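The values are calculated or read from the model by the stated rules, or taken from the named source; none is laboratory data. Computed from a predicted model, the values in this text were never measured in an experiment. FYI the Cβ positions are ideal-geometry reconstructions off the backbone, even for glycines, and counts take in every protein chain you see. These area figures cover heavy atoms from the full protein model, side chains too; ligands, DNA and RNA do not enter into them. Shrake-Rupley method; radii C 1.70, N 1.55, O 1.52, S 1.80 Å.
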Amino acid sequence: MNDADLFERARRVTPGGVHSPVRAFGQVGGSPVFVRSASGAELEATDGRRYLDFCMAFGPLILGHRPKTVSEALHAALDRGWSFGTAETVSLELSELITGQLPHVEQIRFVNSGTEAVMTALRIARAATGRDEILKFDGCYHGHADGLLIRGGSGLAGQSQPDSTGVPKAIGALTRVAPLDDEAMLRDVFGAHGEKLAAVIIEPLPANYGLLPQRKEFLKLVSSLARAAGCLVVLDEVITGFRLGFGGMAQKYKLDADLVTWGKIIGGGLPVGAVAGRRDLMEMLAPTGDAYQAGTLSANPLAMTGGHATLNSLENGDVYAELERLGQYLEAGVTEIGNLQIIREGSLFWLLTGHSDSMPIRRPDRIPSGHAKTYPALFHGLLEQCIYLPPSPVEACFLSAAHTKAHIDQLLEGLRRTIP
């Protein structure tokens, strides 16, 4: 049975045929590729074709698909049991590993997704400040919680209506939105609403509406204005945490944050999320505090094992150094190809078609106007050559430790054949 037939079957029993919107190929057209297995840097489709993968499950697989160390750890954990519903040691060991390496993190609470992590962080912020409003930034995506589905990115970016239906107006009204990379507007927002804000939340490297690197000075200004207003700073590092270095963007830029949210890599590719930060804030969560959060599968032993094995492999920094070398090699190759741009930060990269001026792309309104129209041809041109990119013009690509220079050469050759 081919992909189109499988997709038709899926649409009969699942909304849109998928369990996360971007997987439906709605922004590139055609039927999604149905995958039956993966290994290293490759996906194997149900028809037996193998695809060189630069989507990497949208970020968590920094070591590649089924790396031996993580696979062996998971098989051993599976033999011990896959859900306990009680205290266990693997989450303790992972918590100690993280807090022992990151001095700005004193405590951590594991949840099941990045969305849950952000929900929990904002609940802590409201409990700590006694305020209700939140400030987010246009183009930053923080999961599908009601108050955050406002001018986000990723799957919402391709829709004419940016706000989700089903979100009560009263909840949406508690969220303020500011543009990225606009210091004057940021000061105005804090001037008008600062005393009502419980928290300001930002992706320090927005990576769900393309890849929009922010100036360190702008990120520092966000923190300083928040401090002056008496609200908390929440860094959403669900994508960037443990990818650009063990301490993510918070450590790279020495950012002053009260809370940080993680996901993806912290579970090694299994469902996971986490919120972490200062002890006094974290202990506002039940059972030590009155801000309630709970989850039957929180700190699931398989996810904790996958995360622990992955972070152990990253701790000495060698993987990051090799990924940076690969990233530089890729960037140099792409710059030699006409009608194509690359924006890269470490092992994260974004390929843009269409024309743009020399102005850095730090916000959604600076993305080349033709990119969304021309990306589908690029995507399908590479797909025909068995190279798999994210099926959306505003999703970032990922390198992993399983990729090699030969894989980069394969991508570059595919781009040269595809770009007119």
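Looking at the chain, the DSSP beta bridges with both ends there are about 60 percent antiparallel.
Note that segment 1-111, at 37 °C in a medium of 0.692 mPa s, gets a Stokes-Einstein diffusion coefficient of 189 µm²/s from its Kirkwood radius over C-alpha pairs. Counting only aspartates and glutamates at least 8 places from Lys68 when in the same chain, those with an alpha carbon closer than 20 Å to its own are Glu42, Glu44, Asp53, Asp79, Glu315, Asp318, Glu322.
The HN-Hα couplings worked out from phi for segment 78-87 by the Karplus form 6.51 cos²θ - 1.76 cosθ + 1.60 (θ = phi - 60°) are 4, 5, 8, x, 10, 6, 10, x, 8, 5 Hz, whole numbers, x standing for Gly and Pro.
Put simply, the C-alpha atoms of segment 126-267 give a gyration tensor, and the ellipsoid matching it has half-axes of 21, 20, 14 Å, longest first. Remark: segment 214-228, residue by residue, has Karplus-estimated 3J(HN,Hα) of 9, 5, 4, 5, 5, 5, 5, 5, 3, 5, 5, 5, 5, 4, 5 Hz, where x stands for each Gly or Pro and the curve is 6.51 cos²θ - 1.76 cosθ + 1.60 at θ = phi - 60°.
Over all pairs of different C-alpha atoms, the chain has a mean inverse distance whose reciprocal, the Kirkwood radius, equals 22.1 Å. Taking amide hydrogens as placed 1.01 Å from N in the peptide plane, the amide H of Cys397 sits under 5 Å from those of Phe349, Trp350, Leu351, each at least 5 positions away in sequence or on another chain.
Around the Cα centre of the chain, unit charges on the Cβ atoms of Lys, Arg, Asp and Glu (plus for the first two, minus for the last two) sum to a dipole of about 460 debye.
A Gaussian network model of the chain, with springs between Cα atoms under 10 Å, assigns the largest mean-square fluctuation among Val33, Val13, Val319 to Val13. Annotation note: trypsin sites (Lys or Arg not before Pro) in segment 31-67 located in DSSP loop regions with a Cβ neighbour count of at most 16 within 10 Å are Arg49. At q = 0.24 Å⁻¹, what is the base-10 log of I(q)/I(0) for segment 187-252 according to the Debye formula with one equal point scatterer per Cα and no solvent? Please give it to two decimals. Log-scaled intensity ratios, in q order: -1.04.
Could you work out how far the C-alpha centroid of segment 279-315 sits from that of segment 380-420, in angstrom? Going from one Cα centre to the other spans 35 Å. The phi-based Karplus calculation (6.51 cos²θ - 1.76 cosθ + 1.60; θ = phi - 60°) puts the 3J(HN,Hα) values of segment 379-390 at 4, 6, x, 6, 4, 5, 9, 6, 10, 10, 9, x Hz, whole numbers, x for Gly and Pro.
Ranking Met249, Met119, Met1 from most to least accessible surface, computed with a 1.4 Å probe over the protein chains only, gives Met1, Met119, Met249.
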